[in-house]
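Asks: What follows is a structure written as structure tokens; I'll ask about it next.
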Amino acid sequence: MRRRIGDPRRQQRRRFSSLFILLVVGLFILMIWALYGHYRSPASSSKSPHVSSQLATQLTMNLTKEMLSPGSVTRQLGDQMTLAKAYVVIAKENNNLELAWELSAQIRACQLLLSKSAARGYPVNNEEAEPIIRQFSVLIYQAKELHYDIATMIMKLKAQIQGLEEKVNTANIQSTTFGQLAAEAVPKGLYCLGNRLTMEWAMDPDFRGFISRHRHAEKLVDNNLFHFCIFSDNILATSVVVNSTVLNANHPDQLVFHIVTDQVNYGAMQAWFGKNDFRGATVEVQNIESFTWLNASYVPVLKQLQDAETQNYYFKGGQDSRSVAKFRNPKYLSMLNHLRFYIPEVYPALKKVVFLDDDLVIQRDLTDLFRVDLHENVNGAVETCLESFHRYHKYLNFSHPKIKDNFDPDACGWAFGMNVFDLTAWRRENVTSRYHYWQSQNVDRTLWKLGTLPPGLLTFYGLTEPLDRKWHILGLGYDPDIDAKLIEEGAVLHYNGNMKPWLKLAMSRYKPLWEKYVNFSHQLLQECNVH
């Protein structure tokens, strides 16, 4: 069968349809490409700030390096500006106000250029800096021609530095003095509390009789119980020590607290500890004035207090204005502070006690301290020589032959404030006589300045058993950066330093640890606005 010859018009239509299809496909591809570009552009634009930020940071870092680089233009401008500032001062002192004004104007221009450089994120170039550097050079040359030479500059700058150092020293002394005064001041609330309690004690003979009848005298000398001694004139602080100890004790009824205070606070202490219950713990309050053996003929500190020169130094400051104010604090001569060296005489029937300062918070059962083996030593204490600052050479004068010949300057210091004392070993070693000897040797204050730790280091030298550091955490009255884990695991927290927790000076980070043991809902505390 013969095949028909194709129609030319049909072939033309077929060719037209092919072109149309190609055109449609091309338009479709263009649309897809346009859509892709449209949805891609926001992403890229969103990344651009991040990229520019990284670039800006990099440029800022380069600018910082430029300012520190000795050969950079930026560093050169900074050096010239510093020199010009010194010449401004000298020009004003010599009444050359025109030169001072020109130097000041050029300094401002330099500062403006450097600030623009910092804002745009890249260093000053030579073209920008050249006019300012040239003008600085001209002005500095003029200053030198006017006899403001380098030698004069050095003399002037030395005088200024010396003057600033004197101002800094004066400011430091004032700061220390004011801080010490603030730390020694009794808050109004505590003053009110003491007065109210004293009045209640003085005006209620029945209450006094009740307290005397419930002294539990047999417990006070029972060596099968756990005895703690606190020497303080601060009612609330002492209460926190007792309260925190009993609340964390497994058997609070086996605890006995021996408190010694002064004549002024004796009635208030008796009233407070007589009115409040401490979970069955026994509390004894004594008046230091009742210790007849504590007199000037026996106690070196009391004898020194009768010396006019000593009184002038510690109570008036003497002539040495550079002496650190805290070392002239009369509290260091308080017998409540030194009574820790007479514990066996205060408690002749006891064999072992734990001494507690009044600026402590107890977080663990302390009865385990009575089971610590002191290896026939007298004093159990936490050592503080993690740094060289707390070694013997920091506290004692090793240029004195009596110190140099008898003690190791690198011996480890330890902390007063939470100490285990074996009173049997104390009496055997005659430790109180050691203390008397060193106090009598320091009558001229050449062995150490003042305080109880230096004589303690001498008295208990070779008689101290180191305790685990977790027993006693120090520094909550001055160090804001104590490790939180160390505080949490610590048995005793010590607010040594000026920032006591009952003062407004206290650090807010540590104050709640102390306040949790104060019953602020107590009627007297509310009436006295203690908070």
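The values are calculated or read from the model by the stated rules, or taken from the named source; none is laboratory data. Predicted, not measured: the structure shown is a model, and the values here were computed from it. Positions of Cβ are generated from backbone atoms using ideal geometry, with glycine treated the same way; all protein chains shown enter the neighbour counts. In case anyone asks, the SASA skips ligands and DNA or RNA and just uses the protein heavy atoms, side chains included. Shrake-Rupley method; radii C 1.70, N 1.55, O 1.52, S 1.80 Å.
Asks: Could you tell me whether any residue of the range 509-519 is open to solvent by less than 20 Å² (accessible area, probe 1.4 Å) and aromatic (Phe, Trp, Tyr)? It would help to see each step written out before you state the result.
Replies: At the first step, the residues of the range 509-519 found to be open to solvent by less than 20 Å² (accessible area, probe 1.4 Å) are 510, 514, 518.
Restricting the remaining residues to those that are aromatic (Phe, Trp, Tyr) gives 510, 514.
Among the residues of the range 509-519, at least one is open to solvent by less than 20 Å² (accessible area, probe 1.4 Å) and aromatic (Phe, Trp, Tyr), which makes the answer yes.
Asks: Oh, and also: Go through (1) at pLDDT 80 or above; (2) of a type in the set (A, V, I, L, M); (3) farther than 21 Å from SER334 by Cα for LEU164 and report which single condition fails.
Replies: All conditions pass for LEU164, except number (1).
Asks: Quickly run through the range 485-517 and pick out the residues that are over 13 Å from HIS472 (Cα atoms), of a type in the set (A, V, I, L, M) and at pLDDT 95 or above. Can you show your working first?
Replies: Residues of the range 485-517 over 13 Å from HIS472 (Cα atoms): 485, 497-517.
Of the ones still in play, those that are also of a type in the set (A, V, I, L, M) are 499, 503, 505-507, 513.
LEU513, the sole residue that qualifies.
Asks: Can you pull out the residues in the range 368-391 that are open to solvent by less than 10 Å² (accessible area, probe 1.4 Å) and assigned to a helix (DSSP H, G or I)?
Replies: Correct list: LEU369 only.
Asks: Ok, one more. Name the one entry in VAL492, VAL530 that is surrounded by 13 or more Cβ atoms within 10 Å (Cβ to Cβ), more than 17 Å from the chain's Cα centre (by Cα), closer than 29 Å to VAL420 by Cα and hydrophobic (A, V, I, L, M, F, W, C).
Replies: Numbers: VAL530 fails: closer than 29 Å to VAL420 by Cα.
Only one candidate passes the filter, namely VAL492.
Asks: A further question follows. May I ask you to list the residues in the range 426-470 that are aromatic (Phe, Trp, Tyr) and in contact with a Pro (Cβ under 7 Å, 6 or more places away or on another chain)? It would help to see each step written out before you state the result.
Replies: So the first thing to find is which residues in the range 426-470 are aromatic (Phe, Trp, Tyr), and the list is 426, 435, 437-438, 448, 460-461.
Of everything in the range 426-470, those that are aromatic (Phe, Trp, Tyr) and in contact with a Pro (Cβ under 7 Å, 6 or more places away or on another chain) turn out to be TRP426, TYR435, TRP438, TRP448.
Asks: Quick check on the range 184-235: of everything there that is open to solvent by 40 Å² or more (accessible area, probe 1.4 Å) and of a type in the set (Ser, Thr, Tyr), which residue is farthest from TYR517 (Cα to Cα)?
Replies: Among them, the one singled out is SER212.
Asks: Which residues, taken from the range 80-102, are open to solvent by 40 Å² or more (accessible area, probe 1.4 Å) and under 40 Å from the mean Cα position of the chain (by Cα)?
Replies: Those that are open to solvent by 40 Å² or more (accessible area, probe 1.4 Å) and under 40 Å from the mean Cα position of the chain (by Cα): THR82, LEU83, LYS85, VAL89.
Asks: In addition: When you go through (1) open to solvent by 50 Å² or more (accessible area, probe 1.4 Å); (2) in contact (Cβ under 8 Å) with a residue 60 or more places away in the chain; (3) part of a helix (DSSP H, G or I) one by one for LYS394, which number turns out not to apply?
Replies: Exception for LYS394: condition (2).
Asks: Scan the range 400-430 for residues that are over 25 Å from THR245 (Cβ atoms) and either under 32 Å from the mean Cα position of the chain (by Cα) or open to solvent by less than 70 Å² (accessible area, probe 1.4 Å) (or both) and jot them down. Before you say what the answer is, go through the steps one by one.
Replies: Step one: list which residues in the range 400-430 are over 25 Å from THR245 (Cβ atoms), which gives 400-413, 427-430.
Once the filter is applied, which keeps residues that are over 25 Å from THR245 (Cβ atoms) and either under 32 Å from the mean Cα position of the chain (by Cα) or open to solvent by less than 70 Å² (accessible area, probe 1.4 Å) (or both), the range 400-430 yields HIS400, ILE403, LYS404, PHE407, ASP408, PRO409, ASP410, ALA411, CYS412, GLY413, GLU429.
Asks: Which pairs turn up if I take residues in the range 142-155 that are under 18 Å from ASN95 (Cα atoms) and at pLDDT below 70 and look for partners that are open to solvent by 80 Å² or more (accessible area, probe 1.4 Å) and among the charged types (D, E, K, R) with beta carbon separation below 9 Å, at least 6 apart in sequence or on another chain?
Replies: Pairs that qualify, where the first residue is under 18 Å from ASN95 (Cα atoms) and at pLDDT below 70 and the partner is open to solvent by 80 Å² or more (accessible area, probe 1.4 Å) and among the charged types (D, E, K, R): there are none.
Asks: Quick one: would you say PHE355 is under 27 Å from ILE473 (Cβ atoms), surrounded by 14 or more Cβ atoms within 10 Å (Cβ to Cβ) and modelled with pLDDT of 90 or more?
Replies: Details: under 27 Å from ILE473 (Cβ atoms): yes; surrounded by 14 or more Cβ atoms within 10 Å (Cβ to Cβ): yes; modelled with pLDDT of 90 or more: yes.
Against the criterion (under 27 Å from ILE473 (Cβ atoms), surrounded by 14 or more Cβ atoms within 10 Å (Cβ to Cβ) and modelled with pLDDT of 90 or more), PHE355 qualifies.
Asks: Would you tally the residues in the range 278-307 being more than 16 Å from ALA237 (Cα to Cα) and assigned to a loop (DSSP other than H, G, I, E, B)?
Replies: Total satisfying the criteria: 14.
Asks: Residue by residue through the range 439-486, note down the ones that are under 19 Å from VAL382 (Cβ atoms), part of a loop (DSSP other than H, G, I, E, B) and open to solvent by less than 10 Å² (accessible area, probe 1.4 Å).
Replies: Residues satisfying the conditions are GLY451, PHE460, HIS472, GLY475, LEU476, GLY477.
Asks: All but one of (1) under 22 Å from GLN523 (Cβ atoms); (2) among the hydrophobic types (A, V, I, L, M, F, W, C); (3) open to solvent by 10 Å² or more (accessible area, probe 1.4 Å); (4) at pLDDT below 95 hold for LEU247; which doesn't?
Replies: (4)
Asks: Still on this structure, please answer the following. Out of the residues in the range 251-266 meeting the condition of being open to solvent by 10 Å² or more (accessible area, probe 1.4 Å) and not in a helix (DSSP H, G or I), tell me which one is nearest to ASP357 (Cα to Cα).
Replies: Taking the candidates together, the pick is ASP262.
Asks: Something else about it: Please go through the range 232-250 and give me each residue that is in contact (Cβ under 8 Å) with a residue 60 or more places away in the chain, hydrophobic (A, V, I, L, M, F, W, C) and assigned to a helix (DSSP H, G or I), ordered by number. Before the answer, list the steps.
Replies: In the first step, residues of the range 232-250 are kept if they are in contact (Cβ under 8 Å) with a residue 60 or more places away in the chain; the result is 232-234, 236-241, 243-245, 247-250.
Going one step further and asking which of them are hydrophobic (A, V, I, L, M, F, W, C), we end up with 236-237, 240-241, 247, 249.
LEU236, ALA237, VAL240, VAL241, LEU247, listed by residue number.
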